[in-house]
Amino acid sequence: MKYLVTGMEMKLLDENTTKHFGVPSEILMEQAALVFVQELLLQYPESKNILIACGGGNNGGDGVAIARLLNQKNKNATVLLCTEKEEGLLKQQLQTYQAYHYPLVRQIDDLQDESFDLILDGLFGTGLSRNIEGNYYTIIEQLNAMHATKVAIDMPSGISAEDGHVLGIAFHADDTYTFSYEKLGQYLYPGADYCGRIHCLAIGITEESILERKPRAMYLEDEDIRQLLPKRIPDGHKGTFGKLLVIAGSVDMAGAAYFAAKAAYRTGVGLVKICTPQENRMALQTLIPEAILHTYGKTIDKNVFLEDLKWADAVLIGPGIGQSEQAKQLLQWTRAGVIAPLVMDADALNLLSENTDDLINPHLDVVVTPHLGEMSRLCQMPVSYIESHFCEKACEFADTYNVVCHLKSARSITAVPYGNHYINTTGNSGMATAGSGDVLAGIIASLIAQGMPYDLASAVGARIHGQAGDVAAQKVGKYALMASDLLDGLTELAYLQ
């Protein structure tokens, strides 16, 4: 697992390293410049003419130090100094730089040659909290228009490190070389679109510098998935690997039940029972004969249904159930009778939005998996507001209702009540297709049924789902990708072999 820090958290880590451990800021800046130049020359060895735009503050100081080292590596590096405030570490770096008589200009119009191979952005870094306007707006506009490869120093100027918002205008980088820890704003949209490829460079600020509360945001890596996946013990049987009840589908919506159940089987659960209308029996028996079926007609035997709930190690309700009176009844019985961890998706959330206080149950482990529209209904807020307060609303919902909230969008987040939140870094636009959410819900419920804690199951399930989508996109392309391709993609993930 890797932390994703905000700008404020990074500032505190920087201060702790200097004040508590006695590492001077000058050394940290020099180390940052050294590793930046080393990485840059490895990636772009043929680049000769390099422009470094430097603002006030430490990001500008980083830029000036980088320019000095590039000149010492026989590159033609020019500093474009965009500030009149020369103080602190920036002033020190400028004094050293100018002592070497390396190129420096103060206006873009003063550049003798605009045919640069690389443009480096050292204007604002991670500390920006206000909209860019005036001269800086114009400068970023001009830099973006130049025909050269663009690299951001630590953070593309104009992107909030806190939440990925564009603050007026932003530098559009092909690569971002960030220091010590990747930043939350680099992984949330729209900021992620401006970062390009992200490279994290060690400069001597380590976990020892986390003296206060640890950062809440993080992401999982493949090695985490391998360690967290339920073990396949040699002498296990189908009951060993968990029993999952999937309450899904309605008339003409057999596909939702199929995708959820098949995804659950593809990720290791031992038994799946599908509770669905009798009209879906033939389709499901044909598509997924491995599943046990409990079908119902116009009426449902409550006692049989409650026995199904007792049988299960985890319960998934919602995919394709509709919002009929019968669906409401199923949800009501489930909430009242379930004792196993519960995953609520799709129509279960739409029904729940009529009274979200029904979610409150301190004795039950619950995962909710809303997309932006469903979250809008649950919170009774516009989609645009949810989207622009993505992490905040997911965490707030998790804390308020004591549930794990997996909020789905181009970059999904798993928020744990009063705990961590996991950003999923996998997946692609081809996965925005019918049935994709059913597959995800089935994966999460499967992992829970196998004994994985419900908070981790949501984060792990999201990464597995996204990687299956990435595999599928490589095979069929993003335009052609369907939910059934995600099921095939699951079979090709190395850690699921």
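The values are calculated or read from the model by the stated rules, or taken from the named source; none is laboratory data. Note that the coordinates shown come from a computational prediction; the quantities given were computed from them, not determined experimentally. In this analysis, Cβ positions are derived from the backbone assuming ideal geometry, glycine residues included, and neighbour counts consider all displayed protein chains.
What to note about this one:
- Among the residues of segment 302-338, those that are of a type in the set (S, T, N, Q) and closer than 26 Å to residue 252 by Cβ comprise 323, 324, 326, 329, 332, 334.
- Residue count, segment 56-86 (criterion: under 19 Å from residue 116 (Cα atoms), touching a residue at least 24 places away in the same chain (Cβ under 8 Å) and not in a helix (DSSP H, G or I)): 9
- Helices (runs of 4 or more DSSP H) contained entirely in segment 122-236, each with at least 2 residues that are of a type in the set (Gly, Ala, Ser) and on the phi < 0 side of the Ramachandran plot: 191-195
- Looking at 408, 478, just one residue is at pLDDT 95 or above, buried (at least 19 other Cβ atoms within 10 Å of the Cβ) and among the basic types (Lys, Arg), and that residue is 408.
Yes or no, residue by residue, for (1) in contact with a Leu (Cβ under 8 Å, 6 or more places away or on another chain); (2) within 17 Å of residue 246 (Cα to Cα):
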residue	(1), (2)
347	no, yes
360	no, no
372	yes, no
381	no, no
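- You will find that of 443, 448, the residue that is within 19 Å of residue 221 (Cβ to Cβ), in contact with a helix residue (DSSP H, G or I) (Cβ under 9 Å, 6 or more places away or on another chain) and buried (at least 21 other Cβ atoms within 10 Å of the Cβ) is 443 and no other.
- For segment 172-194, a residue qualifies if it is in contact (Cβ under 8 Å) with a residue 60 or more places away in the chain and under 21 Å from residue 143 (Cα atoms), and the qualifying residues are 175, 177, 186, 192.
- Helices (runs of 4 or more DSSP H) fully within segment 251-357 counting 1 or more residues that are more than 30 Å from residue 379 (Cα to Cα) and either small (Gly, Ala, Ser) or touching a Phe, Trp or Tyr at 6+ places or on another chain (Cβ under 8 Å) (or both): 281-287, 302-311
- Unique match (being among the small types (Gly, Ala, Ser) and touching an Asp or Glu at 6+ places or on another chain (Cβ under 7 Å)) among 462, 432, 394, 449: 449
- The sole residue among 37, 64, 79, 5 that is surrounded by 23 or more Cβ atoms within 10 Å (Cβ to Cβ), among the β-branched types (Val, Ile, Thr), under 18 Å from residue 200 (Cβ atoms) and modelled with pLDDT of 95 or more is 5.
One line per residue, one yes/no per condition, for (1) farther than 30 Å from residue 73 by Cβ; (2) assigned to a helix (DSSP H, G or I); (3) in contact with a strand residue (DSSP E or B) (Cβ under 9 Å, 6 or more places away or on another chain); (4) of a type in the set (A, V, I, L, M, F, W, C):
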site: 4; (1), (2), (3), (4): yes, no, yes, yes
site: 8; (1), (2), (3), (4): yes, yes, no, yes
site: 13; (1), (2), (3), (4): no, yes, yes, yes
site: 16; (1), (2), (3), (4): yes, yes, no, no
site: 27; (1), (2), (3), (4): no, yes, no, yes
site: 38; (1), (2), (3), (4): no, yes, yes, no
site: 41; (1), (2), (3), (4): no, yes, no, yes
site: 46; (1), (2), (3), (4): no, no, no, no
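- Of all residues in segment 365-392, those satisfying the criterion of being touching a helix residue (DSSP H, G or I) at 6+ places or on another chain (Cβ under 6 Å) and either hydroxyl-bearing (Ser, Thr, Tyr) or in a loop (DSSP other than H, G, I, E, B) (or both) are 365, 369, 370, 376.
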